[in-house]
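Note sheet for the following structure.
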Amino acid sequence: MAKSSGLGWSTLTVDDASGTPQAIKNDFTNLQFATPRAVQDVTGIDKSAIERILLLADFSITLNGPHDPAANQSHAVFSTVPSTSVNRTVTIVVNGKTLANETLFTDYPLTRSAAGEFTYAVPGVLADGTVPTWS
Amino acid sequence: MALMCVYEHGDNVLTYDTDDVESYEVHTQGDVLDVTRPEDAGIRRELGQAHLQLTVHFKPGKRALWIEKRELNHG
């Protein structure tokens, strides 16, 4: 596969509070996710440039979209974020590549703007210590 | 106009007029605890306490007002 866009997004499922994956990609207008690694500075006193080694892996995601109170859609999935403490599988498939992570969602913020939009930007972070791995 | 009471302290109440509001933000955020184990190669987390936060953005020149409770009752 050659250089590709994010058009025609294949899969984005998020577990609801009972652990059922909900395919709600149409609810999201945009998203950001990252797989950063911590680093440790191990520069020796004999060096004139920084030496580093990699430490723990991490994953974070923010899912953005308009409020959707329909059954099994985004409000049904995220409205339980403040009242439950469960790991949720987030599965991303784009351009034939898959990334699935156990995720803790930490907020369900809703904003009603002056223009009338009623939107959310739900942040999630890696939950279970498993290295995020694309397949 | 609808007078909203958001906080009560002693004989006073913090109020605002909904006509003065430009937008609202509601957060239902949870604390996150890092519980990564020595054997983990990625971060392990658990959720802690949950918090509710309402932010009211006022129109230019508008603000919330403290009034006495008895004023509210007479109003």
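The H on the amide N of B:Gly30, modeled in the peptide plane, is under 5 Å from the matching H of A:Asp107, B:His51, each at least 5 residues off or on a different chain.
Which FRET efficiency value, to the nearest 0.05, is calculated for A:Arg52 and B:Glu46 with the Förster distance at 30 angstrom and r the Cβ-Cβ distance?
0.55
Annotation: amide H-H contacts under 5 Å for A:Asn95 (H modelled 1.01 Å from N, sequence separation of 5 or more, or interchain): A:Ser10. Accessible surface of chain B, 1.4 Å probe: 49 percent of it comes from carbon and sulfur atoms. Extending 7 Å from the Cα toward the beta-carbon at both A:Asn95 and A:Glu117 defines two label points whose distance is 2.6 nm. Annotation: amide H-H contacts under 5 Å for A:Leu56 (H modelled 1.01 Å from N, sequence separation of 5 or more, or interchain): A:Ala38.
Expressed as a rounded percentage, what relative contact order does chain A have, with Cα pairs under 8 Å and six or more residues apart? Working shown, then result.
On the way: 276 pairs, mean separation 35.4, N = 135.
This gives 26 percent for chain A.
What does the extension gain come out to for A:Trp9 and A:Asn72, with contour length at 0.36 nm per residue minus their alpha carbon separation? Can you show the working numbers first?
Details: separation 63, 0.36 × 63 = 22.68 nm, distance 1.94 nm.
This chain segment gains 20.7 nm when fully extended.
Comparing Cα centroids, segment A:80-135 and segment A:37-70 end up 18 angstrom apart.
What the protein assembly as shown shows is 60 Å² of accessible area per residue, with the surface traced by a 1.4 Å probe over protein heavy atoms.
Please report the buried accessible area for the interface of B with A, total over both chains, probe 1.4 Å, in Å² to the nearest 100.
On the way: alone 6300 and 8080 Å², together 12560 Å².
The B and A chains share an interface burying roughly 1800 Å².
Evaluating 6.51 cos²θ - 1.76 cosθ + 1.60 at θ = phi - 60° for every residue in segment A:100-113, the Karplus couplings come out as 10, 9, 7, 10, 9, 8, 10, 6, 10, x, 10, 10, 9, 7 Hz, glycine and proline recorded as x.
The values are calculated or read from the model by the stated rules, or taken from the named source; none is laboratory data. Treat the numbers as computed from the prediction; the structure is a model and nothing was measured. All Cβ positions, glycine included, derive from the backbone under ideal geometry; neighbour counts span all protein chains shown. Note: areas computed on protein heavy atoms with side chains; ligands, DNA, RNA excluded. Shrake-Rupley method; radii C 1.70, N 1.55, O 1.52, S 1.80 Å.
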